[in-house]
Amino acid sequence: MTVPLQFCDTVQPAAPDALAVLRPANRLRVPAPDLKFSVSSMASAPNSGPSATTAVLASVAALGIWRLLAVVAPHVAALALMYQTETDFGSRLSFLLAWGILNFFWITLLRRPALSGALSLTMVVVLVLLSQLKHDVVQMTVNFIDLMMIDRDTVAFLFTIFPNLRWSVIGAGLVTLPLMYALWWLDPFRIRRLPALACKLACLAALVFYSVYHPDEAWRGYYDDGYLSKFFRSGVTAVSDFVQYGFMESAAATNERLNMPLIDACHPAGRRPNIIMIHDESSFDIRAAQGIKVPPGYGSHFKSWDGKERTFLAESNGGPSWFTEYNVLAGLSSRSFGRFAYFVTRIASGRVERGLPLALRRCGYDTMSLYPAYGGFMGARSFQMTTGVERFLDSHDLGAKDVEPDSFFYDKALRLMGDRTPNKPLFTFIYLGANHFPWETRFRPDLLPNWRAPGNVRSIDEYLRRQAMSAEQYKTFVAGLKKNFPGEPFLIVRYGDHQPEFAPAILEPGLDEGAIGKKLDAYDPRLYATYYAIDAVNFEPVKSDAVMDTIDGPYLPLVIQEAAGIPLDPSFVEQRNIMLRCKGMFYGCDDGAEARRFNRLLIDAGMIRGL
């Protein structure tokens, strides 16, 4: 409430707008007390009035300490959060500017500083919690692109995998909304909108300037800190990148053209084999690290039908399996999406109509995918169907309960293969997940009961145990193919989708988190190398120059078609030329120029739309 202070023997009305920007509101319409100080005309000296300090204290007393605390408390809490989560001057400066943007945004809308501070603090706390959750899962914190890509499928997926989350959100709303209403009613201050808008724009301009001239290093996204500063600074770079080249990089218009439209007829030289592609979760040859003890016979699982071990260079490390999913189905690089790569499968859904399943359908194949999670995860169902998968079965369709061993998916695949159209070849994509982190707990102790740990740390021994389980269950699956489908030809291609999250630490034990982050950002092959292996049942894989000892992930669809003896469509013919010219490298060849040129050819051919 506004309290007029009257001095001398005449009533001096308080200035109606004593605080031009920030002033208390007399919400309760209580008349101000009539405080008069009279002085005798015989006084020796006139009273010049109370000091400014006395006036401020009188105003504070009139407002009430709790109302002032409602304004101050969110800012104090934000400062404490800043010192806890931001580690250097640049990140703390970015935090303060971001905090200013949030506060002045809400003040511009509501004019109430207490409510605006509370809403801003709520948003920051939610961002911190979501960043910590994301880092626990994929070793990266939330950035602005997460906000750009959120949609109904994402929300539905979260509510599906976390059934209690819906009630937690409802409960939080029931608690928060009354609190916000109370702050709305109790907040004694009003701030004019125009000054608040000016302050918000000033903070935004300062943040943009700092982010442009001191851009945040991409590898810092792997650090579990700086949540608010990284989120806002990533917004500047994301918007800049999107304006510059959109979601995906591509070369400028060219006179080159692919020989389109595709010829529908497909005439393989021999019998078309059934093709099985197996996504071997987090699997690589751990002998690449020094000092790791492995069980006897370790390594045979990584060999192909000809006894060779081959290297597959993934485009992710430690978590994002969908990067490799995009590689092996679309036959393209997730790195072409730059900062947007994390959402590559969601962006590609409905836009990238090119890939291994579509190429095989052109040659008369049926296509099927067995997926170990819910189909809404990262838009997997929509993406895989865009690349040509006709029948997509997720964990719900398959009746999976939580994480299932590889044998669960192999048994389902054998049954489903038995139901296929007679005399028609089938492409089956089997996506495994048993060797997913964490490895601190023993997965299915009832399986592989005779296992003896080699003597490494607990997580690595568990990782090796799960690899041994995978190898044993794969042998059983191959035996099942021979038994259930005698005489039928099968080509089986397995690949490790990425290294496990602990791999960089054992491959580079002398480096700290920041140095490892820089190597990951530079795509050091040592941190991205896994394996690929080719096996066959009643079929001799076709020898080809494309079946190289080391390949980038996007070339695997080409390798599969070559090994199966499938005639290539014009897009894969051109990609084969790139592969031979670049010696198995794709995006890394000529600093991405070959990939950008190839993307342009696909855009001009109508196989990529809207990017």
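General observations
- Of the residues making up region 553-611, just one is within 24 Å of the chain's Cα centre (by Cα) and polar (S, T, N, Q), namely ASN599.
- Residue list for region 519-565, restricted to those being polar (S, T, N, Q) and in a strand (DSSP E or B): THR550
- Top-ranked residue of region 184-224 - restricted to ones that are modelled with pLDDT of 90 or more and among the small types (Gly, Ala, Ser), ranked as surrounded by the fewest Cβ atoms within 10 Å (Cβ to Cβ): ALA205
- Beta carbons closer than 7 Å, at least 6 apart along the sequence or on distinct chains, pair a first residue in region 502-515 that is touching a residue at least 24 places away in the same chain (Cβ under 8 Å) with a second that is open to solvent by 40 Å² or more (accessible area, probe 1.4 Å) and among the hydrophobic types (A, V, I, L, M, F, W, C) for LEU507/ALA288.
- Single unsatisfied condition, ARG272 versus (1) more than 24 Å from the chain's Cα centre (by Cα); (2) more than 22 Å from ASN435 (Cβ to Cβ); (3) open to solvent by less than 10 Å² (accessible area, probe 1.4 Å); (4) not aromatic (Phe, Trp, Tyr): (3)
- Residue check for ASP497: touching a His at 6+ places or on another chain (Cβ under 7 Å) and more than 15 Å from ALA289 (Cβ to Cβ): yes
- The single condition among (1) open to solvent by 10 Å² or more (accessible area, probe 1.4 Å); (2) part of a helix (DSSP H, G or I) that MET417 does not satisfy is (1).
- Residues located in region 148-169, provided they are open to solvent by 60 Å² or more (accessible area, probe 1.4 Å) and either at pLDDT 75 or above or among the small types (Gly, Ala, Ser) (or both): SER168
- Any pair with Cβ under 7 angstrom, 6 or more apart, that starts in region 442-455 at a residue that is touching a residue at least 12 places away in the same chain (Cβ under 8 Å) and at positive phi and ends at one that is open to solvent by 90 Å² or more (accessible area, probe 1.4 Å) and part of a loop (DSSP other than H, G, I, E, B): GLY455/LYS293
- Scanning region 349-385 for residues that are of a type in the set (S, T, N, Q) and open to solvent by less than 20 Å² (accessible area, probe 1.4 Å) gives THR367, SER369, GLN384.
- A count restricted to region 240-272 and to residues that are in contact with a Leu (Cβ under 7 Å, 6 or more places away or on another chain), at pLDDT 90 or above and over 22 Å from GLU325 (Cα atoms) stands at 0.
- For beta carbons closer than 8 Å, sequence separation of 6+ or different chains, a first residue in region 583-594 that is surrounded by 14 or more Cβ atoms within 10 Å (Cβ to Cβ) and a second that is assigned to a helix (DSSP H, G or I) and hydroxyl-bearing (Ser, Thr, Tyr), the qualifying pairs are GLY584/TYR555; PHE586/TYR555; TYR587/SER336; GLY592/SER336.
- Count of residues meeting criterion [within 17 Å of GLY319 (Cα to Cα) and out of contact with any strand residue (DSSP E or B) (no Cβ under 6 Å at 6 or more places or on another chain)] in region 339-373: 9
- Options TYR342, TYR298, TYR374, TYR365: the member that is over 19 Å from the mean Cα position of the chain (by Cα), farther than 22 Å from LEU491 by Cβ and touching a residue at least 24 places away in the same chain (Cβ under 8 Å): TYR298
- Residues (of a type in the set (Gly, Ala, Ser) and more than 25 Å from the chain's Cα centre (by Cα)) located in region 186-244: ALA196, ALA198, ALA202, ALA205, ALA206
- Region 386-396: number of residues that are in a helix (DSSP H, G or I) and modelled with pLDDT of 95 or more: 1
- No other residue among ILE603, ILE534 is at negative phi, open to solvent by 10 Å² or more (accessible area, probe 1.4 Å) and of a type in the set (A, V, I, L, M) apart from ILE603.
Rundown of residues vs (1) part of a loop (DSSP other than H, G, I, E, B); (2) not hydrophobic (A, V, I, L, M, F, W, C), yes/no style:
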site	(1), (2)
GLY307	yes, yes
ARG310	no, yes
VAL328	no, no
SER336	no, yes
ARG346	no, yes
ARG361	no, yes
ALA373	yes, no
MET378	no, no
GLN384	no, yes
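- Those residues of region 399-410 which are surrounded by fewer than 17 Cβ atoms within 10 Å (Cβ to Cβ) and of a type outside the set (Val, Ile, Thr), in sequence order: GLY399, LYS401, ASP402
- Matching residues, region 434-482, being of a type in the set (D, E, K, R) and not in a loop (DSSP other than H, G, I, E, B): ARG458, ASP461, GLU462, ARG465, ARG466, GLU472, LYS475, LYS482
- Of all residues in region 484-518, those being assigned to a loop (DSSP other than H, G, I, E, B) and open to solvent by less than 10 Å² (accessible area, probe 1.4 Å) number 5.
- The selection criterion, being open to solvent by less than 40 Å² (accessible area, probe 1.4 Å), farther than 26 Å from ASN103 by Cβ and either of a type in the set (S, T, N, Q) or in contact with a Phe, Trp or Tyr (Cβ under 9 Å, 6 or more places away or on another chain) (or both), holds for ALA251.
- Within region 235-260, residues that are among the polar types (S, T, N, Q) reach partners that are outside any loop (DSSP other than H, G, I, E, B) and open to solvent by less than 30 Å² (accessible area, probe 1.4 Å) with beta carbons closer than 7 Å, at six or more positions or on different chains, in the pairs THR237/SER211; SER250/ASN599.
The values are calculated or read from the model by the stated rules, or taken from the named source; none is laboratory data. Everything quoted here is computed from the prediction, not taken from an experiment. Every residue, glycine among them, receives a Cβ derived from its backbone with ideal geometry; neighbour counts consider all protein chains shown. Keep in mind that these areas ignore ligands, DNA and RNA; they rest on the heavy atoms of the full protein, side chains included. Shrake-Rupley method; radii C 1.70, N 1.55, O 1.52, S 1.80 Å.
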